[in-house]
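All remarks here apply to the structure that follows.
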Protein chains: 2
Amino acid sequence: MPRRATIIEVAREAGVSKTSVSRYFSGERDKLSPALCERIAAAALRLDYRPNQMARGLKGGRSRLIGMLVADIRNPFSVAVMHGVERACRERGLALLVCNTDNDPELERTHLGLMAAYQVEGLIINASGSPDAELQALTDQGMPLVLLDRELGTVQADLVGLDNARAIDLALDHLAEQGYGELLYLSEPPERASPRRKRLTRFQEGLAARRLAGEAYTMSGSDEEMQRAIEAFLTRSAHKGSGDVPRALLCANGAVTLAATRAMQRLGARLGKTGLMGIDELDWCALIDPGITTLAQPTEAIGQQAVASLLAKPNSQADAKARQHRFEPKLIARGSTRLTG
Amino acid sequence: MPRRATIIEVAREAGVSKTSVSRYFSGERDKLSPALCERIAAAALRLDYRPNQMARGLKGGRSRLIGMLVADIRNPFSVAVMHGVERACRERGLALLVCNTDNDPELERTHLGLMAAYQVEGLIINASGSPDAELQALTDQGMPLVLLDRELGTVQADLVGLDNARAIDLALDHLAEQGYGELLYLSEPPERASPRRKRLTRFQEGLAARRLAGEAYTMSGSDEEMQRAIEAFLTRSAHKGSGDVPRALLCANGAVTLAATRAMQRLGARLGKTGLMGIDELDWCALIDPGITTLAQPTEAIGQQAVASLLAKPNSQADAKARQHRFEPKLIARGSTRLTG
DNA sequence: TCGATGAATGGGAACGTTCCCATCATAGGT
DNA sequence: ACCTATGATGGGAACGTTCCCATTCATCGA
């Protein structure tokens, strides 16, 4: 079983020093004479040589590895962003080490340690818990950090994600415009994840200005529970003073949209007559009968920006302030928010 | 900015040799006296020491890294399997390096080289092209290899995936049982991916025994093209000798199911009256009106088995024959294959 | 009592790179 | 012609770990 060739063997084969070979493969070819380059290239090809990244990482700390911590890898949004991250890494010659925490803070801590052990050059984090201490320790050691989607209490790091306020505003405007007057906002428990909090409060703040009535429901438990909440919202008598105003559901993310759609079907509610709208565009939103209106996140752009932010070293210390990159959602209007009345 | 502590510093802090510290962290604690263990543990804790995986990987080749090459990371099936792989790795203290090839054979070759450069200890491959030569080179160097879902011409390696024959048989039985007599099999181009070929031929072989009429359509181009094919299938006159037999569509995988569902909606065909069934269970299959019947793959199990196979060293040379682990799909019957007529 | 056995520990070389520094031409300014 | 800058090249130490071997010391059978 042939072992992989080393830099020394290439050097011998080419009749040059290992330093020159190292230079050749570290992108310093311009420092070498064309003749040397050619001989090295030939020798490397003959021996099928590839630099050993482990050894590289050991010496200069240049592991060329980026770590990405994903809270839930089965969430299509996360995967879409990951696709962008992966692409951006590839363009820069970086490899991506992905860890999934399954929303388990304990696992998150473990994986954070793991990535550090692999000397990743940067970390993109879609947090599940609040590993503030661990992250602070890492940044203190000079590890570049970017937060994805979710902010984290005390950690001073760039953040890339959706412009949540804008998203809620767009949603409220659209729903109001379409004639819905009473809204039910559906969300997963907001305590942990900052975007959920942000969206929820913006929802509540945004009602008055648009003369909308609304309330929020946090789905803590089962689908059935949420179904009951929706039923209560839909069947109870109208708010005082208003006639029977059309009602609509606003879903905080893709998972909620899925659950809400399921509930609506079980209740036999007609989409459109009862409005339904969600943040996150999914494969099937166009397929459910009149189509479900969504706010699509520019996932690819978010992923690319995450890597860009990671690699943009702040040039001055004063410049090291945490930046935020907020992306605009795109409204995809469909039948679920059309009162065909 | 404090640098990460090294093994030498821990050794000094604990007043022992670096060898002992190394032993402590390499799971050879039983070779050390309890007193030593205790001192090392304390020192490591004080300095917040973590072994540097790069250095580890360099010395003994023990990178503790598993590489996974995914043809299309946005395919929910791939992600679900990846979830299983990731979990299995975690349980064994392995980290996972994931690369997405976006179905680009060129990129696949690049990434294969990348993973080799990181000294991964094993490779799980969901191939997009046919990197036979590269893979053969790797196996020759003793790299454990497992093929996921897709076979690869000449490469001698274990394979983990669905029992495709069984899946098609189940589908045909179900459709026949439900009263459908003429079938249209929809698939993406089969030349590249072995499961597509296998499913297609099994479909064709299986028709006669069940007295079914059937044909296959390969969607090479646009959605519209496929829509026309479906329309032609649904509207043309019945086969000679038979009356007007109920017709059904069978989709080779999740992506096809999505496209077919879209087409059916555009054609205004009622699901159930026209049968629809697909391989791969997806979030939304229960949501489309009468529900779409699917064959669910045990993705988690497949992922776990992939890692298990990878790590199971063949004990004898004769034992090194390529093994196949074929998993049973599970039928999830819904309205789309119910003739409510 | 003595060498053999074995367990606990430590010293040092290797792993494959990068990078600092030294060397050696060659050219340019005086 | 000499001294210095400049550019190409090579030698060797480091990076943090593992692993082979050596050492020490106690135990044990004869």
Assigned charges on the beta-carbon of Lys, Arg, Asp, Glu; region B:7-51 dipole about Cα centre (debye):
80
Any chance you could look up the accessible area of B:Ile8 with a 1.4 Å probe, heavy atoms only, rounded to 10 Å²?
80
Taking chain A as a Gaussian network, Cα atoms linked when under 10 Å apart, which of A:Val79, A:Val160, A:Val21 shows the biggest mean-square fluctuation?
A:Val21
Where the accessible area of chain B is counted over protein heavy atoms with a 1.4 Å probe, how much of it, in %, is carbon and sulfur?
49
Taking a probe of 1.4 Å, how large is the accessible area per residue of region B:243-333, in Å²?
42
Threshold 30 Å², probe 1.4 Å: give the residues of region B:137-152, in number order, that are less accessible with all protein chains present than with their chain alone.
B:Asp140, B:Gln141
Checking buried surface per residue: for region B:63-85, which residues lose a minimum of 20 Å² accessible area in the protein assembly relative to the chain alone (1.4 Å probe)?
B:Leu65, B:Ile73, B:Arg74, B:Val79, B:Met82, B:His83
The protein assembly as shown: D in µm²/s via Stokes-Einstein (Kirkwood Rh, Cα pairs, 37 °C, 0.692 mPa s)?
117
For region A:97-174, the Cα convex hull volume per residue in Å³ comes to 103
For q = 0.07 Å⁻¹, Debye-computed log10 I/I(0) when each Cα of chain B counts as one equal scatterer
-0.41
Of the residues A:Leu69, A:Leu45, A:Leu162, which exhibits the maximal mean-square fluctuation in a Gaussian network model of chain A defined by a 10 Å Cα contact cut-off?
A:Leu45
For the pairing of chain A with chain B, what total accessible surface becomes buried, with a 1.4 angstrom probe, in square angstrom to the nearest 100?
4600
Enumerate the whole-percent occupancy of each 5 Å bin, from 0 to the last occupied one, for all C-alpha pair distances of region A:44-187.
2, 8, 15, 18, 16, 12, 9, 7, 5, 3, 2, 1, 1, 0, 0
For a quick check, take a GNM of chain B with Cα springs below 10 Å and name the residue from B:Cys37, B:Cys251, B:Cys285 with the largest mean-square fluctuation.
B:Cys37
Would you calculate a helix-derived [θ] at 222 nm for chain A, using -39,500 (n - 2.57) for each DSSP H run of n ≥ 4 and dividing by the full residue count, to the nearest 500?
-13500 deg cm²/dmol
Considering only A:Pro246, A:Leu331, A:Thr235, whose Cα is most displaced toward the positive end of the charge dipole of the protein assembly as shown, charges sitting on Cβ of Lys, Arg (+1) and Asp, Glu (-1)?
A:Leu331
Chain lengthening between A:Glu205 and A:Ala42 when straightened (0.36 nm per residue, less Cα-Cα):
51.9 nm
Surface accessible to a 1.4 Å probe, per residue, for the residues of region B:7-51, Å²
62
Placing +1 at every Lys and Arg Cβ and -1 at every Asp and Glu Cβ, with all other atoms neutral, what dipole size does the protein assembly as shown have around its Cα centre, in debye to the nearest 20?
1200
Between B:Arg197 and B:Lys330, what length comes free when the chain is fully extended (0.36 nm per residue of separation minus the Cα-Cα distance, one decimal in nm)?
45.8 nm
Could you provide, to the nearest whole Å², the per residue accessible area of region B:74-198 with probe 1.4 Å?
32
Can you compute the charge dipole magnitude of region A:61-156 about its Cα centre, using +1 on each Lys and Arg Cβ and -1 on each Asp and Glu Cβ, nothing else charged? Give it in debye, rounded to the nearest 20.
480
Distance histogram in 10 Å bins (all Cα pairs of region A:7-51, percent per bin)
33, 63, 4
Cut-off 18 Å, label point 7 angstrom out along Cα-to-Cβ of B:Ala133: give me the residues of region A:42-72 whose amide nitrogen falls inside.
A:42-50
On the rotation axis linking copies B and A, which residue of B comes nearest by its Cβ, and by how many whole Å?
B:Trp284, 2
Give the Cα extents of region A:134-223 along the principal axes, in whole Å, largest first.
54, 29, 18
Indicate, rounded to the nearest 5 percent, the antiparallel portion of the DSSP beta bridges found entirely in chain B.
5
Which of A:Ile73, B:Tyr185, B:Leu267 sits closest to the plus end of the dipole of the protein assembly as shown, meaning its Cα is farthest towards the positive end, when Lys and Arg get +1 and Asp and Glu get -1 on the C-beta?
A:Ile73
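The values are calculated or read from the model by the stated rules, or taken from the named source; none is laboratory data. What you are looking at is a predicted structure, and each value in this text was computed from that prediction instead of being measured. Virtual Cβ from ideal backbone geometry, glycine too; neighbours counted across all protein chains shown. Surface accessibility is based on the protein's heavy atoms, side chains included, excluding ligands, DNA and RNA. Shrake-Rupley method; radii C 1.70, N 1.55, O 1.52, S 1.80 Å.
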